[in-house]
Amino acid sequence: MESKEILAQFNLSAQCKKYGLSLWQCPQFLFLIMGIIIIGSTLAAYAIGNQYVEDPLVVALIVIFITAILFIISTIITRSFERLAEANRMKTEFISVVSHQLHSPLTNLKWVTEFLISGRIFPVSKKQLEYLEILKENNERMEELISDLLVVSRIEQGKLPFKKKKIFLKELIEDKIKKMRPFAEASNVEIEFQTKGVIPQIFIDSFQIELVIDNLLDNAIRYIKDKGKVEIKLEKNDKNLYFKIKDNGVGVPRGDQKYIFQKFFRSENAMKHRTDGSGLGLYIVKSIIEKSKGKIGFKSEENKGSTFWFTLPII
Amino acid sequence: MKTILFIEDESALQKTLGEVLKQEGYEVLSALDGEIGLKLADPPAGGKKPDLILLDLILPKINGFEILKKLKDNEETKEIPVIVLTNLEGVGDVDKAIELGAKTYLVKAQYSLEEVLEKIRKTLSE
């Protein structure tokens, strides 16, 4: 093994990152902690034993006994976490590989469906068009889910690409609202966007922040029953940009609020209103904001609506 | 009539996009692997060179990145614009393809058929 590879084995942070778990679930970190505890306990046992036991042989036996017990316990603990960590890593890798492989046949389906709908190959009757549109819509749902799964697996592997550049967040939001307006109007939802003062540029990955705005705006519109309003505010707040999006939708029940940013979580309220949805959107949003050195939060009241906010540091 | 060389191993995409391009009035050369693609890009004397290459990156025999390099190293093919059409989304992949000479990088899953057509029309009119 080359010296570089040997040194890499000692890079705990890199070793732990590949599992996608917190430091306290990382087997290498736990092994180090257990090692420190064993050494400390051995020294303490020797010091205490020396003070209260006369026979050095008995002291030695006590120290060996305590060390052996602690060693066995630490081996069991780190082995269990090793299995957990490996299972988690394989799950993440599996999702990544499968999602990537699913992209190809889904793209094929998407383009063939679009081709048929266009009537380029043969004229399409109204009835046929109805069914082709169903195919197209469901294909889009699958693609969205695959994209979300891919983003989540990249976040967990620490491989989410981040290519920062200076952008005007105000312009990005205006662009997103323009694209979402037909959907909002069809859902009987009005979108209002206000800024306060001069909004400076921020240094961020524009593709990732687009995902954030997409998810928050899409949720705000989708979870409004019948008719409603989405209010978006953007302003400078000391050294940060402050973004807020408020809707008068179904809201999140109090008991569900602590889980809202967890993967695959969907509150019962949301499920009643809309059965489709992966439960990954807010997890992705939170991960991106935190990776961008920002903060995110929300408040919500069932059947009254929700307000999500985030801050991002200005350059 | 402009000629487009389409290097893509998915026969469904060859069929669909190929048919659409023909309907748009382009001549389409199809290659299901990188080796055939390179031969069609630089045909023997008398053969017609393509005006544009649509290139997938994950291909049998020779991958798209290697093809890009060979196209740009060849005096006969280095001026032919290449649109990469792939499902690889990594920033590293995009940067590598552009560095190797790709004119545009399109992630198939993110574009509709019409949007891809529009990019092709725009590139050919430049």
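Out of all the residues in the stretch B:34-55, is one or more within 29 Å of A:MET142 (Cα to Cα), in contact with a helix residue (DSSP H, G or I) (Cβ under 9 Å, 6 or more places away or on another chain) and part of a loop (DSSP other than H, G, I, E, B)? Talk me through it step by step, then tell me what you get.
We begin by selecting, within the stretch B:34-55, every residue within 29 Å of A:MET142 (Cα to Cα); these are B:54-55.
Adding the requirement that they be in contact with a helix residue (DSSP H, G or I) (Cβ under 9 Å, 6 or more places away or on another chain) leaves B:54-55.
The next check asks that each one be part of a loop (DSSP other than H, G, I, E, B); those that pass are none.
So far as the stretch B:34-55 goes, no, none of its residues is within 29 Å of A:MET142 (Cα to Cα), in contact with a helix residue (DSSP H, G or I) (Cβ under 9 Å, 6 or more places away or on another chain) and part of a loop (DSSP other than H, G, I, E, B).
Checking the conditions here, which among A:ILE95, A:ILE173, A:ILE121, A:ILE76 is loosely packed, with under 14 Cβ neighbours inside 10 Å and more than 14 Å from chain B (Cβ to nearest Cβ)?
Working: A:ILE95 fails: loosely packed, with under 14 Cβ neighbours inside 10 Å; A:ILE173 fails: loosely packed, with under 14 Cβ neighbours inside 10 Å; A:ILE121 fails: more than 14 Å from chain B (Cβ to nearest Cβ).
Answer to the check: A:ILE76.
Considering only the stretch B:77-123, state which residues are of a type in the set (A, V, I, L, M), within 13 Å of another protein chain (Cβ to nearest Cβ) and out of contact with any strand residue (DSSP E or B) (no Cβ under 8 Å at 6 or more places or on another chain).
Hits for the stretch B:77-123 are B:VAL91, B:ALA109, B:LEU113, B:LEU117.
Does A:ASN237 fit the bill of being polar (S, T, N, Q), exposed (fewer than 15 other Cβ atoms within 10 Å of the Cβ) and more than 21 Å from the chain's Cα centre (by Cα)? Can you show your working first?
On the way: polar (S, T, N, Q): yes; exposed (fewer than 15 other Cβ atoms within 10 Å of the Cβ): yes; more than 21 Å from the chain's Cα centre (by Cα): yes.
It is true that A:ASN237 is polar (S, T, N, Q), exposed (fewer than 15 other Cβ atoms within 10 Å of the Cβ) and more than 21 Å from the chain's Cα centre (by Cα).
Would you check if there is a residue in the stretch B:4-14 being in contact (Cβ under 8 Å) with a residue 24 or more places away in the chain, charged (D, E, K, R), more than 21 Å from A:PHE115 (Cβ to Cβ) and not in a strand (DSSP E or B)?
No - not one qualifying residue is present in the stretch B:4-14.
May I ask you to list the residues in the stretch A:274-305 that are of a type in the set (Asp, Glu) and without any contact (Cβ under 8 Å) to a residue 60 or more places away in the chain?
Taking the stretch A:274-305 as the starting set, the residues that turn out to be of a type in the set (Asp, Glu) are A:276, A:290, A:301-302.
Of everything in the stretch A:274-305, those that are of a type in the set (Asp, Glu) and without any contact (Cβ under 8 Å) to a residue 60 or more places away in the chain turn out to be A:GLU290, A:GLU301, A:GLU302.
If we keep just the residues of the stretch B:1-25 that are away from chain A (no Cβ under 14 Å) and touching a strand residue (DSSP E or B) at 6+ places or on another chain (Cβ under 6 Å), which is nearest to B:ILE67 (Cα to Cα)?
B:ILE7
Take the stretch A:240-281 and flag every residue that is surrounded by fewer than 19 Cβ atoms within 10 Å (Cβ to Cβ) and among the hydroxyl-bearing types (Ser, Thr, Tyr).
Across the stretch A:240-281, the qualifying residues are A:TYR242, A:TYR259, A:THR275, A:SER278.
Looking at A:LYS110, A:LYS127, which one is out of contact with any Leu (no Cβ under 6 Å at 6 or more places or on another chain), basic (Lys, Arg), assigned to a helix (DSSP H, G or I) and closer than 25 Å to B:GLU8 by Cα? Step through it out loud before you land on a result.
Working: A:LYS127 fails: closer than 25 Å to B:GLU8 by Cα.
Of the residues listed, the single one that is out of contact with any Leu (no Cβ under 6 Å at 6 or more places or on another chain), basic (Lys, Arg), assigned to a helix (DSSP H, G or I) and closer than 25 Å to B:GLU8 by Cα is A:LYS110.
Name the pairs: first residue in the stretch A:22-41 and closer than 27 Å to A:GLN157 by Cβ and not assigned by TED's automatic domain parsing to the domain that holds A:GLU82, second residue modelled with pLDDT of 80 or more and loosely packed, with under 13 Cβ neighbours inside 10 Å, Cβ to Cβ under 7 Å, at least 6 apart or on different chains?
Here the result reads none, with nothing in the stretch A:22-41 linked to a residue that is modelled with pLDDT of 80 or more and loosely packed, with under 13 Cβ neighbours inside 10 Å.
Kindly list the number of the only condition in (1) farther than 20 Å from A:ILE289 by Cα; (2) assigned to a helix (DSSP H, G or I); (3) of a type outside the set (Phe, Trp, Tyr) that fails for A:GLU174.
Result: A:GLU174 passes all but (1).
The values are calculated or read from the model by the stated rules, or taken from the named source; none is laboratory data. Worth saying up front: this structure is predicted, and the values here are computed from it rather than measured. As a convention, Cβ positions derive from the backbone with ideal geometry for all residues, glycine included, and neighbour counts pool all protein chains shown.
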